[in-house]
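First comes the structure, then the notes that go with it.
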Amino acid sequence: MDNLAKHLLQRLMRRIPASMLKSTLDKWGRLTAEKRKSLDFTQSKWTITQELVALYVTENPNQGMWHTFQLLDPEDDAHSVELMQFKEQFKSHLSELKRNVSVKIKKHTDEAVWIRVAWGDGLSRPNHLKATYVVHYLQTPYVFVNALSSKNKPLLLQALTLSTKHQQIKAANLSGQKLTALRDLLMRQYQQVFPTKYPSPLPEKLRIEKVQAEASASRHRMAGETFGDGMLPALQSAFFQLETKFKDPTNEAMTQRDEPFICSVKFSSSNLLESLRHCASSGIASTPVTPLLSSIPLKGRNYFVITDNVPTA
């Protein structure tokens, strides 16, 4: 939900009499009976508006830009952290780092722990309409974050590191608008079917048809070895940045230049991995698939920096 939609919802809520709010939401028909029961209509309309925005985000996670982080160096008892302990520790640590903050934590049916953090600034109260959303699966090293400002980033990451009993946290170099695709790719929750046999082409009378059939079977085999034959996470983009120094013995001035030349390439598609597999199997792209592209599913990343002979994060 973008800012315009949030403000429109806020204006509509102000115009609806408090006594008619429950019946209006019932007639609206966009909330399930369970979701309607979760709303406390004795609260202020401002609070109910916040809850409606939160419900929308959790029910429509494939919007906005999600960034992934990986927890590192777990302590000996990191695997035993339970939900109640995590809630208490996270709220405690974040409150110590920033006083004017509001935190709500809820566990969903898919075991995902959703965290909503509303940040205040100075004397202003926390802004729930511009909250940061965090999704974490306990006992896993991965965290997914939406709408986090650079100012609050170190505070949130420190609180996450301490409350999950880890020593460090780093960017996982994976981002996108579809939370489910990022989760499935990073946590290997999609069906990775790597076939061991492919049907051999039927004998053809003409040599050229036989060669083409064999080439097609080979392309499908190599595409399957890289991406598998099952459904792929709907990753929407991948970024590659090349950093290289100028090399020409006849041009000393450019060769001694300290700053590298930078070239950035972005691949975009409604389902990038499926598109890459189709390009490889159909012959649009050469096979075997280049390691730069095969690293996306193998390493669970979609951001790469390539330097002179040294790929980096």
- Note on the structure: From the cross-link list LYS6/LYS106; LYS22/LYS87; LYS104/LYS178, the entries with a Cα-Cα span beyond 25 Å are LYS22/LYS87
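If a/c stays under 1.5 just call it rounded; otherwise compare a/b with b/c (prolate if a/b is bigger, oblate if not). Do that for the chain, with a ≥ b ≥ c from the square roots of the Cα gyration tensor eigenvalues.
prolate
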- Heavy-atom accessible area order for SER102, SER282, SER264, largest first, 1.4 Å probe: SER264, SER282, SER102
- Per residue, how much accessible area does region 214-307 have with a 1.4 Å probe, in Å²? 56
- Decide, for region 42-83, between rounded, prolate and oblate: order the square roots of the alpha carbon gyration tensor eigenvalues as a ≥ b ≥ c, take rounded if a/c falls under 1.5, and otherwise choose prolate if a/b is larger than b/c, else oblate. oblate
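How big is the charge dipole of region 66-187 about its Cα centre, in debye rounded to the nearest 20, if each Lys and Arg gets +1 on its Cβ and each Asp and Glu gets -1 on its Cβ?
In total the dipole reaches around 700 debye.
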- Task: Determine the shape class of region 129-183: with a ≥ b ≥ c the square roots of the Cα gyration tensor eigenvalues, call it rounded for a/c under 1.5, and otherwise prolate if a/b is greater than b/c, oblate otherwise.
- Result: oblate
- Going by average Cβ neighbours within 10 Å, how do the peptides 51-61, 12-22 rank, with the highest at the top? 51-61, 12-22
- Carbon and sulfur together cover what percent of the accessible area of the chain at a 1.4 Å probe radius? 53
- Hey, got the dipole for the chain? About the Cα centre, +1 on K and R Cβ, -1 on D and E Cβ, debye to the nearest 20? 1400
- Item | Pair-distance profile P(r), taking every C-alpha pair of region 214-307, with 10 angstrom steps and integer % | 15, 38, 24, 15, 8, 0
- Item | For region 1-62, accessible area per residue (1.4 Å probe, heavy atoms of protein chains only), Å² | 67
- Hey, which aspartates and glutamates would be in cross-link range of LYS170, C-alpha to C-alpha under 15 Å, not counting anything within fewer than 8 residues on its own chain? ASP73
- Message: What do you get for GluC sites (Glu not before Pro) in region 72-179 restricted to DSSP loop and a cutoff of at most 15 other Cβ within 10 Å of the site's Cβ?
- Response: GLU75, GLU82, GLU111
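Tell me the per residue accessible area of region 66-187 using a 1.4 Å probe; a whole number in Å² is fine.
Per-residue accessible area for region 66-187 comes out at 48 Å².
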- Could you grab the relative contact order for the chain? Cα pairs under 8 Å, six or more apart, rounded to a whole percent. 15
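The values are calculated or read from the model by the stated rules, or taken from the named source; none is laboratory data. In this text the structure is predicted, and so the values were computed from the model without any measurement. Here Cβ is always computed from backbone atoms with ideal geometry, including for glycine, and neighbour counts include all displayed protein chains. Just so you know, the surface numbers come from the protein's heavy atoms only, side chains and all, with ligands and any DNA or RNA stripped out. Shrake-Rupley method; radii C 1.70, N 1.55, O 1.52, S 1.80 Å.
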